[in-house]
Amino acid sequence: NHRLELVLAGPATGDMEKLMAEESHNGINYLGVLPVDRVPGIVADSRAGLVLFHPLPNHLECQPTKLFEYMAAGRPFVASNFKSWQSLLSEFDCGFFIDPLDVQALRETLDRIIDDPESAREMGRRGREALVKSFTFEIEAEKLIVMTRELLKI
């Protein structure tokens, strides 16, 4: 077992803020709402990023910015095992996809990241490379142009 710190940032309800404050001695560090320019430094100081959305209809097809922020920082991610996310990113081998409701799977995945830091760094490197090669604005814009032409039959 490893001593990990969970760093959370963003808006929270009063009840959730209170709960996180009560759990601060258990390794939860809630930073509240932060200026956008602080996020890259926090991600850079992490071992991995978590994107564990519950399998609700509005989550299944979304593309969370957090995933790409972790990739940009060269950090592996642990994400919900949604088919859309896996089909988009699994080929790059830059993160783990788990059942977001399975605490044991999360524990085992975090242990793998901590126990094999070199492998985690390689995953992060592959994620950064994939982001640069496959998800830049220019590449995405070209896809949008092709799709628009197809839709409009230009």
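The values are calculated or read from the model by the stated rules, or taken from the named source; none is laboratory data. Computed from a predicted structure; not experimentally measured. Methodologically, a virtual Cβ is constructed for each residue, glycine included, from the backbone with ideal geometry; neighbour enumeration extends over all protein chains shown. We work out accessible area using only protein heavy atoms, side chains counted, and drop any ligands, DNA or RNA first. Shrake-Rupley method; radii C 1.70, N 1.55, O 1.52, S 1.80 Å.
Given 0.36 nm per residue, what is the gain on full extension from Asn58 to Val7 after removing their alpha carbon distance, in nm?
Numbers: separation 51, 0.36 × 51 = 18.36 nm, distance 2.47 nm.
Result: 15.9 nm gained on full extension.
Exposed loop GluC sites (Glu not before Pro) only (DSSP loop, at most 15 other Cβ atoms within 10 Å): please give the longest stretch of the chain free of them, not including the sites. Don't skip to the end; give the middle numbers.
Numbers: sites that count: Glu5, Glu23, Glu61.
Longest site-free region, per DSSP loop and neighbour criteria: 62-154.
Using a 1.4 Å probe on the protein heavy atoms only, what accessible surface does Thr13 show? Give it in Å² to the nearest 10.
Spelled out: Thr13, probe radius 1.4 Å, area about 90 Å².
Suppose we flag trypsin sites (Lys or Arg not before Pro) only when DSSP calls them loop and at most 15 other Cβ atoms lie within 10 Å. Which is the longest uninterrupted stretch of the chain? Let's see the in-between values first.
Values: sites that count: Arg3, Lys153.
Longest run free of exposed loop sites: 4-152.
Cross-link partners among lysines for Lys66, C-alpha distance below 25 Å, same-chain residues fewer than 8 apart left out?
Partners within reach: Lys18, Lys83, Lys133, Lys143.
Among Gly41, Gly14, Gly127, whose mean-square fluctuation peaks in a Gaussian network model of the chain (Cα, cutoff 10 Å)?
Looking only at Gly41, Gly14, Gly127, the largest GNM fluctuation is found for Gly14.
Accessible area per residue for region 44-154 in Å², computed with a 1.4 Å probe and the full protein assembly in place, what is it?
Heavy-atom SASA per residue in region 44-154 reads 63 Å².
Please give the contour-minus-distance gain from Lys133 to Glu23: 0.36 nm per residue of separation, less the Cα-Cα distance, rounded to one decimal in nm. Provide the component values of the computation, followed by the final result.
Details: separation 110, 0.36 × 110 = 39.60 nm, distance 4.03 nm.
The span from Lys133 to Glu23 would gain 35.6 nm if fully extended.
Let me check I've understood the local charge: for Leu106, count other residues with C-beta under 13 angstrom from its C-beta, Lys and Arg +1, Asp and Glu -1. What total comes out? Present the calculation step by step, with values, prior to reporting the outcome.
Details: positive: Arg107, Arg112; negative: Asp99, Asp102, Glu108, Asp111.
Local charge sum for Leu106: -2.
How high is the FRET efficiency between Val36 and Leu151 when r is their beta carbon distance and R₀ equals 30 Å, given to the nearest 0.05? Numbers along the way, then the final one.
Numbers: r = 33 Å, r/R0 = 1.11.
About 0.35, to the nearest 0.05.
Which far-off residues, 5 or more places away or on another chain, put their amide H under 5 Å from the one on Val7, with H placed in the peptide plane?
Correct list: Asn29.
Filter the chymotrypsin sites (Phe, Trp or Tyr not before Pro) in region 1-105 down to the DSSP loop ones having no more than 14 other Cβ atoms within 10 Å, then list what survives. Could you put the intermediate results ahead of the total?
Working: sites: Tyr30, Phe53, Phe68, Tyr70, Phe77, Phe82, Trp85, Phe92, Phe96, Phe97; in loops: Phe53, Phe82.
Of the chymotrypsin sites (Phe, Trp or Tyr not before Pro), not one in the loops of region 1-105 has a Cβ with at most 14 other Cβ atoms within 10 Å.
Is region 1-64 best put as rounded, prolate or oblate by its Cα gyration tensor, with a ≥ b ≥ c the root eigenvalues, rounded for a/c under 1.5, and otherwise prolate when a/b is larger than b/c, oblate when not?
Numbers: a/c = 1.38, a/b = 1.23, b/c = 1.12.
Taking the square roots of the gyration eigenvalues as a ≥ b ≥ c, region 1-64 is rounded.
Name the shape class, rounded, prolate or oblate, that the alpha-carbon gyration tensor gives for the chain, where a ≥ b ≥ c are the square roots of its eigenvalues, rounded holds for a/c under 1.5, and otherwise prolate holds if a/b is larger than b/c and oblate otherwise. Mind showing how you got there, number by number?
Details: a/c = 1.86, a/b = 1.56, b/c = 1.19.
In terms of gyration-tensor shape, prolate.
Which far-off residues, 5 or more places away or on another chain, put their amide H under 5 Å from the one on Ala79, with H placed in the peptide plane?
Excluding prolines and chain starts, which carry no amide H, the hits are Val51, Phe96, Phe97, Ile98.
Kindly state, to the nearest 0.05, the FRET efficiency for Asp115 paired with Gln86, given R0 = 30 Å and r defined as their beta-carbon distance.
With R0 = 30 Å, the Cβ-Cβ based efficiency is 0.80.
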